[in-house]
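The values are calculated or read from the model by the stated rules, or taken from the named source; none is laboratory data. Because the structure is a prediction, the values reported are computed rather than measured. As a convention, Cβ positions derive from the backbone with ideal geometry for all residues, glycine included, and neighbour counts pool all protein chains shown.
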Amino acid sequence: MNQDIQKSRESYARMVDRLIAAARASQNAADMFDENLGKIFGSNRTDGRCADIIQRFGRLTAGELAEQTGLTTGAITTIIDRLEKSGVARRIRDKSDRRKVYVELTEFAKEMVNTMFAPMGEVFGQAMNEVPLEDVRVIAQYLEFTERMNKAYAEVLTKHGSKSGASKKERLLCAKGFAQDVRDINPSLADTWGQTPADPPQTGKSPSIDFYDT
């Protein structure tokens with residue numbers, strides 16, 4: 001094999017390893033940030049994840065929030081109760097359909113988010129000011145792909161969860177079953193690289209609402 005081609009492949013492999021290592025380190029750092037951020041918001045990490053989804057997509061029903069998080073509607077109800085208690089979210093009822101209840105962020109939560117995340121936007125602007133558009137596009141494609149991958153893998157994991165108190169042998173069998181199943185979906189998943197995601201729902205999906213008294 002041509003030495004230049006061999007070196008190029010080795011360099012590419014090292015860069016991929018660096019990318020994977022950076023992604024894992026970034027996730028750990030994000031977990032640390034979320035853990036400490038929750039203390040200021042008066043919530044835990046799961047509650048914070050739900051609040052983040054509401055902030056991104058606008059008001060949602062409990063069922064829609066459960067779908068976005070992969071949690072049960074029962075768990076979501078408990079989380080919404082905690083978010084209301086901490087002043088982060090509130091329930092609102094649809095006037096045209098009194099059976100339908102939405103949850104949205106409070107003005108307090110919006111002010112907290114705008115205040116605390118403004119510096120993050122500023123540092124990205126400073127650091128990436130001269131990054132070429134194509135490089136930014138590749139970064140976005142990577143993050144979009146890892147989101148699709150993690151969601152797909154999480155769904156597969158639900159089929160391979162070991163029972164409480166399972167032995168190491170049983171857990172290893174679950175791991176092997178998971179690995180086989182994700183390899184089956186990997187080709188179609190890989191084909192989604194570069195796929196442009198659909199725009200998230202607009203906020204304020206129902207103009208006809210009032211406060212929901214709990």
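Worth a mention:
- Residues located in the stretch 1-44, provided they are within 18 Å of GLU84 (Cβ to Cβ) and touching a helix residue (DSSP H, G or I) at 6+ places or on another chain (Cβ under 6 Å): GLY38, ASN44
- Search result, residues across the stretch 70-80 that are in contact (Cβ under 8 Å) with a residue 12 or more places away in the chain, assigned to a helix (DSSP H, G or I) and either surrounded by fewer than 18 Cβ atoms within 10 Å (Cβ to Cβ) or in contact with a Ser or Thr (Cβ under 9 Å, 6 or more places away or on another chain) (or both): ILE76, THR77, ILE79
- Residue match in the stretch 69-81 (condition: over 30 Å from VAL156 (Cβ atoms), of a type in the set (D, E, K, R) and at pLDDT 95 or above): yes
- Residues within the stretch 1-49 that are assigned to a loop (DSSP other than H, G, I, E, B) and surrounded by 12 or more Cβ atoms within 10 Å (Cβ to Cβ), tallied: 3
- Considering the stretch 95-201, the qualifying helices (runs of 4 or more DSSP H), each wholly inside and each with 2 or more residues that are under 18 Å from the mean Cα position of the chain (by Cα) and loosely packed, with under 12 Cβ neighbours inside 10 Å, run over 133-157.
- Looking only at the stretch 82-106, and only at residues there that are of a type in the set (Ser, Thr, Tyr) and within 17 Å of GLY38 (Cβ to Cβ), the one that is modelled with the lowest pLDDT: SER86
- Lone unmet requirement of (1) out of contact with any Leu (no Cβ under 9 Å at 6 or more places or on another chain); (2) surrounded by 12 or more Cβ atoms within 10 Å (Cβ to Cβ); (3) touching a residue at least 24 places away in the same chain (Cβ under 8 Å) for ASP52: (3)
- Flag for THR192 being of a type in the set (S, T, N, Q) and out of contact with any helix residue (DSSP H, G or I) (no Cβ under 7 Å at 6 or more places or on another chain): no
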